[in-house]
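Notes for the one structure printed next.
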Amino acid sequence: MKVLISGASVAGPVLAHWLHRYGFEPTLVERTPAGRHGLGGHAVDLFGPAAEVARRMGRLDAIEASRTRLDTMTIERFGRRPVHIDLTRLYAGISSDHVEILRGELTKILYDATRDTAEYLFGDSIATLHDDGAGVDVTFDSGRERRFDLVIGADGLHSNVRRLAFGPEESMRRPLGGYLAVYSMPPVLGLGDRMLGHLSVDKLCGAYGVYQTGQERATFLFRKREELRYDYRDKEQQKALLVKEFGDYGWKVPQLLEHLDTADDFYFDSITQITLDSWQRGRIALVGDAGFCPGPAVGGGTSLAMVTAYILAGELAAARSDPPSGLKNYEKAVRRHVELTRAIGPTTMRGIIPGGRAALELMPFAAAAVSKLPVPVQRLIWSRNAAGKALTAVPLPDYSDLIQSKGGQAVA
Ligand SMILES: Cc1cc2nc3c(=O)[nH]c(=O)nc-3n(C[C@H](O)[C@H](O)[C@H](O)COP(=O)(O)OP(=O)(O)OC[C@H]3O[C@@H](n4cnc5c(N)ncnc54)[C@H](O)[C@@H]3O)c2cc1C
């Protein structure tokens with residue numbers, strides 16, 4: 001059974017790993033010329049169930065070894081004393097298994113886990129798809145033509161497979177009213193392993209240190225009542241929007257913006273969810289951000305991508321002779337989890353970007369106070385909260401009896 005996966009970041013390689021182990025032949029097509037590996041990209045989180053998927057793949061030790069060291073955050077506000085927050089205690093309160101890692105490092109570890117068992121086509125993209133019920137004919141931008149039994153879109157928030165098979169993005173976007181910008185810069189704030197943030201009404205900005213590169217990563221989040229119109233591929237236009245929003249902010253922002261023009265990894269996007277009613281159709285399906293992005297940076301998307309890719313592979317293996325049924329069963333198996341994760345983005349946004357003066361006064365103290373509660377008490381709070389449940393309380397099915405080839409470590 002030949003499966004084409006579009007996108008080789010998080011969901012793609014996890015899916016390829018498990019498909020290979022169940023006896024499928026995965027091919028990954030990735031638009032970037034050499035994968036998005038390395039020390040670029042933002043820090044992402046693996047909570048309990050996602051860490052368990054990595055453990056079952058035999059990659060959790062490698063991921064742990066590359067974890068970030070961002071243990072404390074200082075929050076500043078105009079005219080107020082700084083508040084210090086112990087992030088390790090906050091994360092421990094959400095989940096006993098939490099790892100933060102740069103996305104490029106995670107992608108590299110997942111690539112290494114699959115490079116010998118999956119075919120990788122870098123620097124290419126799907127141009128057309130035709131599902132005739134018995135298979136899918138695919139043409140690529142490069143001109144090659146191939147036929148696959150299944151095609152899976154793991155190609156992120158602005159998914160190409162979704163556009164080709166499910167329709168234009170516009171109808172399935174749910175903007176949460178916020179925007180996000182991130183880029184690397186020299187260590188201008190001298191942060192070491194700390195995060196420094198500055199809050200004001202509708203705005204959060206700051207930076208964190210990346211110990212592996214000695215650089216710092218500037219981060220801006222802001223809320224707008226009206227949606228901004230911009231081309232998501234036009235970086236210069238996006239930089240201009242950021243300057244318009246923060247150009248006269250004050251604080252240390254001029255030092256951050258000084259490095260905007262030279263940043264080669266500038267990222268800007270709206271904080272948007274993808275809310276499709278169904279993410280499978282015939283022999284084509286979506287996984288990770290492509291199918292149900294819960295909102296970049298605020299929604300636990302990395303954990304969701306890993307867990308849903310694992311379940312997709314397992315359900316395909318369980319329905320082996322009938323892949324369309326496997327895709328339907330996958331949708332059924334992950335629907336509840338996907339719906340729960342839709343609560344995380346709005347909750348996190350309310351928690352980190354103050355919506356008014358009262359929130360600006362309270363938020364830093366609330367975060368510091370929660371982090372000082374005993375971990376079991378924090379866990380109790382999270383276990384009663386939809387966002388907390390979505391991040392940690394996902395039952396992971398055991399498909400180990402379907403495994404046909406070695407790789408990774410045995411399921412406990
Ligand atoms: C700035 C920022 C901060 C974030 N912070 C966090 C965080 O703190 N915690 C967290 O859990 N998550 C965070 N996220 C979200 C997280 O990065 C995603 O949820 C996660 O990477 C989803 O994985 P994915 O594999 O589904 O998609 P992606 O990681 O988006 O990967 C999609 C892949 O598809 C490729 N691709 C795109 N188009 C094509 C095409 N036409 N053909 C072939 N390949 C294509 C891309 O190059 C990419 O490799 C953040 C995201 C951003 C942008």
When residues of segment 246-282 are limited to those that are of a type in the set (D, E, K, R) and open to solvent by 30 Å² or more (accessible area, probe 1.4 Å), the one nearest to I352 (Cα to Cα): K252
Given (1) open to solvent by 30 Å² or more (accessible area, probe 1.4 Å); (2) more than 15 Å from the ligand (Cβ to nearest atom); (3) within 19 Å of Y230 (Cα to Cα), index of the condition G177 fails: (1)
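Return the residue satisfying two criteria in turn: it lies in segment 180-200 and is among the hydrophobic types (A, V, I, L, M, F, W, C) and touching a Gly at 6+ places or on another chain (Cβ under 6 Å), and of such residues it is surrounded by the fewest Cβ atoms within 10 Å (Cβ to Cβ).
The residue in question is L191.
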Output for segment 267-295, where each listed residue is away from the ligand (no atom under 14 Å from the Cβ), part of a strand (DSSP E or B) and of a type in the set (S, T, N, Q): Q280
Residue under evaluation I85, criteria (1) in a strand (DSSP E or B); (2) under 26 Å from R162 (Cβ atoms); (3) at pLDDT below 95, criterion not met: (2)
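Just to be sure, is L157 within 16 Å of the ligand (Cβ to nearest atom), among the aliphatic types (A, V, I, L, M) and surrounded by fewer than 22 Cβ atoms within 10 Å (Cβ to Cβ)? Walk me through it before giving the result.
Working: within 16 Å of the ligand (Cβ to nearest atom): yes; among the aliphatic types (A, V, I, L, M): yes; surrounded by fewer than 22 Cβ atoms within 10 Å (Cβ to Cβ): yes.
Here the answer is yes, as L157 does meet what is asked.
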Residue within segment 58-69 that is open to solvent by less than 20 Å² (accessible area, probe 1.4 Å), at pLDDT below 95 and either touching a helix residue (DSSP H, G or I) at 6+ places or on another chain (Cβ under 6 Å) or of a type in the set (F, W, Y) (or both) present: no
Test for G167: is it more than 24 Å from T72 (Cα to Cα) and without any contact (Cβ under 8 Å) to a residue 60 or more places away in the chain: yes
Filtered residue count, segment 296-328, keeping only those that are touching a strand residue (DSSP E or B) at 6+ places or on another chain (Cβ under 8 Å), assigned to a helix (DSSP H, G or I) and within 9 Å of the ligand (Cβ to nearest atom): 4
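Sort through E64, E105, E76 and tell me the only one that's farther than 29 Å from W251 by Cβ, away from the ligand (no atom under 15 Å from the Cβ) and touching a residue at least 12 places away in the same chain (Cβ under 8 Å).
Result: E64 is the single residue among E64, E105, E76 that is farther than 29 Å from W251 by Cβ, away from the ligand (no atom under 15 Å from the Cβ) and touching a residue at least 12 places away in the same chain (Cβ under 8 Å).
Evaluate segment 216-224: report whether one residue or more is among the aromatic types (F, W, Y), assigned to a strand (DSSP E or B) and under 18 Å from the mean Cα position of the chain (by Cα). Break it down into steps so the answer makes sense when it comes.
The first filter runs over segment 216-224 and keeps only residues among the aromatic types (F, W, Y), leaving 220, 222.
Next, only the ones that are assigned to a strand (DSSP E or B) stay: 220, 222.
Right, trim to under 18 Å from the mean Cα position of the chain (by Cα) and you get 220.
Yes: segment 216-224 contains one or more residues that are among the aromatic types (F, W, Y), assigned to a strand (DSSP E or B) and under 18 Å from the mean Cα position of the chain (by Cα).
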Check on L110, closer than 25 Å to G7 by Cβ, of a type outside the set (V, I, T) and open to solvent by less than 20 Å² (accessible area, probe 1.4 Å): yes
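Just for segment 347-361: of the residues that are in a helix (DSSP H, G or I) and at pLDDT 90 or above, which one is least open to solvent (accessible area, probe 1.4 Å)?
In the first step, residues of segment 347-361 are kept if they are in a helix (DSSP H, G or I); the result is 347-352, 357-361.
Next cut, at pLDDT 90 or above only: 357-361.
Numbers: R357: 155, A358: 71, A359: 31, L360: 14, E361: 68 Å².
Within segment 347-361, the match that is least open to solvent (accessible area, probe 1.4 Å) is L360.
Taking the residues in segment 247-261 that are outside any helix (DSSP H, G or I) and free of Cβ contacts under 8 Å to residues at least 60 places away in the same chain as candidates, determine which candidate is nearest to M349 (Cα to Cα).
Taking segment 247-261 as the starting set, the residues that turn out to be outside any helix (DSSP H, G or I) are 247-252, 258-261.
When the remaining residues are screened for being free of Cβ contacts under 8 Å to residues at least 60 places away in the same chain, the result is 247-249, 261.
Numbers: G247: 22, D248: 23, Y249: 20, D261: 27 Å.
Among those residues, the one meeting the criterion is Y249.
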Scan of segment 231-245 for residues that are open to solvent by 50 Å² or more (accessible area, probe 1.4 Å) and either assigned to a loop (DSSP other than H, G, I, E, B) or within 26 Å of R36 (Cα to Cα) (or both), ordered by number: D231, Y232, R233, D234, K235, E236, Q237, A240
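The values are calculated or read from the model by the stated rules, or taken from the named source; none is laboratory data. The model shown is predicted, which means the values in this text are computed figures rather than measured ones. Note: ideal-geometry Cβ built from the backbone for every residue, glycine included; neighbour counts use all protein chains shown. For the accessible areas, the whole protein counts, side chains as well, though only heavy atoms, and no ligand, DNA or RNA atoms are used. Shrake-Rupley method; radii C 1.70, N 1.55, O 1.52, S 1.80 Å.
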